[in-house]
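Enquirer: Pasting in a structure now, in structure tokens, and then I'll have a few things to ask.
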Amino acid sequence: MLYHDAGLSFLHFTFAFILVGALAAEAFILRLPVDSRVAKLLVRVDAFYGLSALLILIVGVSRAIWGATGWDYYQAQPFFWAKLATFVAIGLLSVQPTLRFLRWNKAAKADAAFVAPASEVKSARRLVMIEVHLIVLILLCAALMARGIGG
Ligand code: HEM
């Protein structure tokens, strides 16, 4: 069980670091004018973000159910549910930027001189920045949940 739990913890941190790294990269890249090269880069970075989010959800749920601590503990932890709700909220906020990156990339493939409208870049960056700040809330919930605070 110890190795099993250590393995889930390792995977959980690895996917969390990839997710946070990709999201931070998006926040910085969106400070640049979005031409064809930047649009392509955003789609690539966003793919890492999306895949790591899916994998952290699978590993996180596995850890809650089959980890050393057990589901009975987590289902009684309000900060576990707060963490999951924040994770879902971040996921929902990420939909519009993802669709925009894909649309910009498609437009750039059709027109090499394409540059995304500054207003669209600004609103995508605002959503990404909200996501980044909500990650901090996930970390707070994780630390409280792991110690049974509030449970
Ligand atoms: C951006 C997404 C996430 C980040 C950054 C994150 C971060 C963390 C961190 C830092 C810990 C260690 C807490 C500590 O020991 O103080 C942790 C533990 C944990 N996380 Fe996550 N997490 C994320 C998503 C999820 C999801 C989606 C789930 C499940 C649905 C989940 C379930 C767990 C579980 C079960 C633990 C073990 C807590 C314990 O040691 O008892 N996490 N997470």
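Enquirer: Return the residues of the stretch 38-68 that are within 13 Å of the ligand (Cβ to nearest atom) and surrounded by 19 or more Cβ atoms within 10 Å (Cβ to Cβ); say none if nothing qualifies.
Expert: 49, 52, 53, 56, 59, 60, 63, 64, 67
Enquirer: Same structure again: Which ones in the stretch 12-37 are of a type in the set (A, V, I, L, M, F, W, C) and in contact with an Asp or Glu (Cβ under 9 Å, 6 or more places away or on another chain)?
Expert: Those that are of a type in the set (A, V, I, L, M, F, W, C) and in contact with an Asp or Glu (Cβ under 9 Å, 6 or more places away or on another chain): 22, 23, 27, 34.
Enquirer: Quick one: what pairs do we get from the stretch 103-118, first residue part of a loop (DSSP other than H, G, I, E, B), second of a type in the set (S, T, N, Q), C-beta under 7 Å, 6+ apart or different chains?
Expert: Qualifying pairs under 7 Å: 112/36; 114/36.
Enquirer: Consider residue 69 carefully, then state whether it is in a helix (DSSP H, G or I), out of contact with any Pro (no Cβ under 9 Å at 6 or more places or on another chain) and of a type in the set (Ser, Thr, Tyr).
Expert: When the stated conditions are applied, residue 69 does not pass them.
Residue by residue, here is whether (1) at pLDDT below 95; (2) closer than 30 Å to residue 1 by Cβ holds:
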| residue | (1), (2) |
| --- | --- |
| 39 | no, no |
| 47 | no, no |
| 70 | yes, yes |
| 74 | no, yes |
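Enquirer: Which residues, counting only those in the stretch 5-15, are crowded, with 17+ Cβ neighbours inside 10 Å and more than 11 Å from residue 48 (Cα to Cα)?
Expert: Once the filter is applied, which keeps residues that are crowded, with 17+ Cβ neighbours inside 10 Å and more than 11 Å from residue 48 (Cα to Cα), the stretch 5-15 yields 8, 11, 12.
Enquirer: Which one of 142, 89, 146, 110 is of a type in the set (A, V, I, L, M, F, W, C) and over 26 Å from residue 57 (Cβ atoms)?
Expert: After ruling out the rest, the residue left standing is 110.
Enquirer: Moving on to the next point. Consider residue 74 against the criteria (1) surrounded by 13 or more Cβ atoms within 10 Å (Cβ to Cβ); (2) away from the ligand (no atom under 16 Å from the Cβ): it satisfies all of them except one. Which criterion is unmet?
Expert: Exception for residue 74: condition (2).
Enquirer: When residues of the stretch 135-151 are filtered for being open to solvent by 40 Å² or more (accessible area, probe 1.4 Å) and either more than 9 Å from the ligand (Cβ to nearest atom) or not in a helix (DSSP H, G or I) (or both), how many remain?
Expert: Residues flagged as open to solvent by 40 Å² or more (accessible area, probe 1.4 Å) and either more than 9 Å from the ligand (Cβ to nearest atom) or not in a helix (DSSP H, G or I) (or both) within the stretch 135-151 amount to 7.
Enquirer: Looking at 34, 20 in this structure, which one is surrounded by 13 or more Cβ atoms within 10 Å (Cβ to Cβ), more than 9 Å from the ligand (Cβ to nearest atom), under 19 Å from residue 126 (Cα atoms) and modelled with pLDDT of 95 or more?
Expert: Step by step, each of 34, 20 is checked, and only 34 is surrounded by 13 or more Cβ atoms within 10 Å (Cβ to Cβ), more than 9 Å from the ligand (Cβ to nearest atom), under 19 Å from residue 126 (Cα atoms) and modelled with pLDDT of 95 or more.
Enquirer: From the list 62, 94, pick out the single residue that is assigned to a helix (DSSP H, G or I), touching a residue at least 12 places away in the same chain (Cβ under 8 Å) and over 21 Å from residue 131 (Cβ atoms).
Expert: Within the list 62, 94, the selection yields 62.
Enquirer: Could you please find all residues in the stretch 77-93 being open to solvent by less than 20 Å² (accessible area, probe 1.4 Å) and within 21 Å of the chain's Cα centre (by Cα)?
Expert: Once the filter is applied, which keeps residues that are open to solvent by less than 20 Å² (accessible area, probe 1.4 Å) and within 21 Å of the chain's Cα centre (by Cα), the stretch 77-93 yields 86, 90.
The values are calculated or read from the model by the stated rules, or taken from the named source; none is laboratory data. The structure displayed is predicted, hence computed values, not measured ones. Cβ: placed from backbone, ideal geometry, glycine included. Neighbour counts: every protein chain shown. Note: areas computed on protein heavy atoms with side chains; ligands, DNA, RNA excluded. Shrake-Rupley method; radii C 1.70, N 1.55, O 1.52, S 1.80 Å.
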